[in-house]
1. Condition check: touching a residue at least 40 places away in the same chain (Cβ under 8 Å) and within 14 Å of the chain's Cα centre (by Cα). Does Ser229 satisfy that?
2. Return the residue satisfying two criteria in turn: it lies in the range 147-166 and is surrounded by 15 or more Cβ atoms within 10 Å (Cβ to Cβ) and either among the small types (Gly, Ala, Ser) or not assigned by TED's automatic domain parsing to the domain that holds Asp65 (or both), and of such residues it is farthest from Glu230 (Cα to Cα).
3. Among Phe73, Phe28, Phe100, Phe35, which is at pLDDT below 95 and in contact with a Phe, Trp or Tyr (Cβ under 7 Å, 6 or more places away or on another chain)?
4. Considering only the range 153-208, state which residues are within 27 Å of Ile308 (Cβ to Cβ) and of a type in the set (Asp, Glu).
Amino acid sequence: MSNKGGSKLKKAVLTVLIVIASLVLIVFIGARVYFRLPVLAYYSISDKEFKIPGISHKLVPQGFDYQESNRTFYVGGYKSDGGTSAIYKVEQRTKSTTGFTYLADSEGNPLKVHVGGIAMYDRYMFVTGDDANILVFDALDFINAGEGNTAKLLGKISTKFGDDEIIPAWIHFTNDRMIVGEFYREPNYKTPDTHVFKGPSGEENHAIALCYKFTHDHEANFGIESKPSEVYSLPGLVQGLAVNEDGKIWISQSWGTAKSTIACYDISKSGPSATMKTGDLELPVYFLDSSTLKTYIYAPPMSEEIVISNGRIYVINESASGKYFFGKLTGGRWCYSTNVNSL
């Protein structure tokens, strides 16, 4: 009996499989080129630091902070399966994840919030949630994190001011102040008309950040003054902000699969260009627009919060999450760092 028919069928199936595999490879390579080519300049001057933690636990990375005192990075976010929000710690020296902490309310009930911003200051970990408040926890619950211990909420700091408010998307502490800001994008992330300012450049910004000074007043809320002292007028899509030791302000901007922007502004010599009046407050407004822009570079999609340490700017990406396949094409699983002077 001849088996020529069977051999022909096997060859045909093998040919089809080879064609399919080749097409998949071509698509993969094409997609990789599509995402990486526009940001090659960023990759060429940046270094991989550590793999973003929590991905196997369904973490969607959002908040990011670094503490010089214990040389540890903290990465927070929400869970793609609707689970309890968590913050992971990564040791800088070994680049390894050494623990994580779940967030809970004051009664110990799981918190399922966005965790768009995190920042450790003094004895506390400050976390942005989903309303006009900053959530405050004991820093030791994160410094001493094991494999899934829980931090209970100590209290909240309201971001209502005068007759207005912001919904914090990110948070940052610098030498003398806490800076907390909102995210703006039309049409799904609108901000109030009172947050719209036209700057010296003639550009119109639709988002703001509030600056709160530190205080030693024993009645103050976690060492932060209850009223902001000044306002930053921001462009849209700001996911994070960090102040370098030279006073220059760096921001991370991103949305979806479009390339991110890491931009630097210097408002130190510009002075306030407007005033925001609300309730009993009259706040100076400083502009982050083309009149104060110093430099920028395009980065991989979905950049989130950023931190600056020892002259390097560190960036994490939401695309590290298992929610997004394209992150595997862009190196999104990694935290990258770049020498600030090379940007």
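The values are calculated or read from the model by the stated rules, or taken from the named source; none is laboratory data. Please read all numbers here as calculations on a predicted model, not as lab measurements. Cβ atoms come from the backbone with ideal geometry, glycine included; neighbour counts cover every protein chain shown.
1. Values: touching a residue at least 40 places away in the same chain (Cβ under 8 Å): yes; within 14 Å of the chain's Cα centre (by Cα): no.
In short, no.
2. Ala151
3. Working: Phe73 fails: at pLDDT below 95; Phe28 fails: in contact with a Phe, Trp or Tyr (Cβ under 7 Å, 6 or more places away or on another chain); Phe100 fails: at pLDDT below 95.
It is Phe35.
4. Answer for the range 153-208, where residues must be within 27 Å of Ile308 (Cβ to Cβ) and of a type in the set (Asp, Glu): Asp176, Glu182, Glu203.
Quick grid of which residues meet (1) buried (at least 16 other Cβ atoms within 10 Å of the Cβ); (2) basic (Lys, Arg); (3) touching a residue at least 24 places away in the same chain (Cβ under 8 Å):
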| position | (1), (2), (3) |
| --- | --- |
| Pro168 | yes, no, yes |
| His172 | yes, no, yes |
| Arg177 | yes, yes, yes |
| Phe183 | yes, no, yes |
| Pro192 | no, no, yes |
| Ser201 | no, no, yes |
| Ile208 | yes, no, yes |
| Tyr212 | yes, no, yes |
| Ala220 | no, no, no |
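Residue-by-condition table, conditions (1) at pLDDT 95 or above; (2) hydroxyl-bearing (Ser, Thr, Tyr); (3) not in a strand (DSSP E or B):
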{"site": "Pro200", "(1), (2), (3)": "no, no, yes"}
{"site": "Leu210", "(1), (2), (3)": "yes, no, no"}
{"site": "His216", "(1), (2), (3)": "no, no, yes"}
{"site": "Pro228", "(1), (2), (3)": "yes, no, yes"}
{"site": "Ser233", "(1), (2), (3)": "yes, yes, no"}
{"site": "Gly236", "(1), (2), (3)": "yes, no, yes"}
{"site": "Gln239", "(1), (2), (3)": "yes, no, no"}
{"site": "Ile251", "(1), (2), (3)": "yes, no, no"}
{"site": "Gly256", "(1), (2), (3)": "no, no, yes"}
